[in-house]
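The values are calculated or read from the model by the stated rules, or taken from the named source; none is laboratory data. Keep in mind it's a predicted model, so treat the numbers as computed, not measured. Virtual Cβ from ideal backbone geometry, glycine too; neighbours counted across all protein chains shown.
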Amino acid sequence: MATLTHPVMDVTPSSAAAALLPVYKRAPMVIVRGEGIRLFDADGREYVDFTSGIAVNALGYGDAGLRAALHAAAEGLVHVSNLFRSEPGERLASRLVELSFADRVFFCNSGVEANEGAFKFARRWARGVGGPAKHEIIGLRGAFHGRLFASLAATDRPGYRAPFRPLAGGISIAERDIETLAKLLSAETVAALVVEPIQGEGGVRVFDAGYLRELRSLTSERQIALVFDEIQCGLGRTGHLFAHERVEVAPDLLTLAKPLAGGLPMGAILMTEVVASAVQPGDHGTTFGGGPFVASVAEHVLERVADPRLLAAVRENGAWLGDALEELAVRHGGVRAVRGTGYIWGVDVHAPSAEVIARARDEGLLLVGAGDYTVRILPPLIAIRDELTEGLRRLERALG
């Protein structure tokens, strides 16, 4: 009888990368250490990091406080499961409630899990309001909410979606204009509208206060849950702890992740008591979410990114960064437009963004794309003016 055989793999350092499933087009260098806002590769080359691990490393690299929090957390419990209470997760949830609009918190392990859970909680609440017909979830053109079946259905990336159809049902993508949404947001059938206050992957598109207030008004009038996805733009990146605070519009549910536990996997769903009261034991779950180790570290990170002095510096330096990018656009023909706020900016370029990112890497600057012709700038929140200036010099050389 024939049997399947497995080739013996070469696992020397030069070939070890082949063991990873190639779902990422990785840069060629191997990153081995970091300090402040700088990363260093195996050859000793230094890079100014304007990616923050895609908005994760808010405190940069080698932060002494974060290191101490990790060591202290390791002295305690790592995992006990959610069958039992543990204090770090309860303290963290209580602090998030204290700092936000929310009454309840659910912890998970990633941003996409947070969005999937938020969709479930919104539907659970909506069923109590309008019965089974009230189940539809609507996302917006340009949105990115993740790559699992429900979150992908709400993500406006045809290339990401096509190989995995059929996606989760009852989820659709609408144009961003208010007139279209006013027609689509049916009180009888729509459970939730999910919105990124700043669309990160979608080109760093910043929704203004008036637009978000109109969405809040529409959803409130029609008993539709408003879900804000702040996985990338939340937790200090705009110079406010939560991005929606910038426009003074509160959601019914809020999803967080990326910087929450300083690089450890953690997501969170914040919600009002109205939504939370519809969720019953057994409706959802997580093995690892909110475990004592990650929650202990997240307590430290939350206090750091909620520090009014840090937030004020991000607002002030972010305004300066926006002006500097506009000046760069004026003197450089390679830039078409600039959008953003705080420490999240999108720069539209004439060349393919992948080419600009590669040239920036050669100049010692790390960037991330936000579309075929947009590069994204996401410095660590600790970046000071001189470091931002140095990064912009390298960017201008890459554009040239």
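In the set 376, 394, only one residue is more than 21 Å from the chain's Cα centre (by Cα) and surrounded by 18 or more Cβ atoms within 10 Å (Cβ to Cβ); that residue is 394. I'd like the full set of residues that are in contact (Cβ under 8 Å) with a residue 60 or more places away in the chain and in contact with a strand residue (DSSP E or B) (Cβ under 9 Å, 6 or more places away or on another chain), limited to segment 225-243. If the condition is that a residue be in contact (Cβ under 8 Å) with a residue 60 or more places away in the chain and in contact with a strand residue (DSSP E or B) (Cβ under 9 Å, 6 or more places away or on another chain), then 225, 227, 229, 231, 232, 233, 235, 237, 238, 239, 242 are the ones that fit.
Taking the conditions exactly as written (in contact with a Ser or Thr (Cβ under 8 Å, 6 or more places away or on another chain), among the small types (Gly, Ala, Ser) and not assigned by TED's automatic domain parsing to the domain that holds residue 245), does residue 333 satisfy them or not? Answer is no for this residue.
Can you pull out every residue in segment 215-231 that is assigned to a loop (DSSP other than H, G, I, E, B) and surrounded by 21 or more Cβ atoms within 10 Å (Cβ to Cβ)? I'd like the intermediate steps shown before the answer.
Going through segment 215-231, the residues assigned to a loop (DSSP other than H, G, I, E, B) turn out to be 222-224, 230-231.
Scanning segment 215-231 gives 224, 230, 231.
Restricted to segment 107-214, the set of strands (runs of 3 or more DSSP E) holding at least 3 residues that are in contact (Cβ under 8 Å) with a residue 12 or more places away in the chain and closer than 30 Å to residue 343 by Cβ comprises 136-140, 190-195.
Is it true that residue 340 is under 19 Å from residue 199 (Cα atoms), at pLDDT below 95 and either touching an Asp or Glu at 6+ places or on another chain (Cβ under 7 Å) or not assigned by TED's automatic domain parsing to the domain that holds residue 207 (or both)?
No, not satisfied.
Of the set (1) under 21 Å from the mean Cα position of the chain (by Cα); (2) part of a helix (DSSP H, G or I); (3) in the same structural domain as residue 237 (by TED's automatic domain parsing), all apply to residue 275 but (1).
Every residue, every condition in (1) among the charged types (D, E, K, R); (2) closer than 14 Å to residue 82 by Cβ; (3) at pLDDT 95 or above, yes or no:
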{"residue": "253", "(1), (2), (3)": "no, no, yes"}
{"residue": "261", "(1), (2), (3)": "no, no, yes"}
{"residue": "264", "(1), (2), (3)": "no, no, yes"}
{"residue": "267", "(1), (2), (3)": "no, no, yes"}
{"residue": "276", "(1), (2), (3)": "no, no, yes"}
{"residue": "287", "(1), (2), (3)": "no, yes, yes"}
{"residue": "297", "(1), (2), (3)": "no, no, yes"}
{"residue": "300", "(1), (2), (3)": "no, no, yes"}
{"residue": "303", "(1), (2), (3)": "yes, no, yes"}
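Does residue 28 count as surrounded by fewer than 19 Cβ atoms within 10 Å (Cβ to Cβ), more than 23 Å from residue 387 (Cβ to Cβ) and either touching a helix residue (DSSP H, G or I) at 6+ places or on another chain (Cβ under 6 Å) or outside the structural domain of residue 266 (by TED's automatic domain parsing) (or both)? Outline the logic, then answer.
On the way: surrounded by fewer than 19 Cβ atoms within 10 Å (Cβ to Cβ): yes; more than 23 Å from residue 387 (Cβ to Cβ): yes; either touching a helix residue (DSSP H, G or I) at 6+ places or on another chain (Cβ under 6 Å) or outside the structural domain of residue 266 (by TED's automatic domain parsing) (or both): yes.
Yes; evaluated as a whole, the condition is true for this residue.
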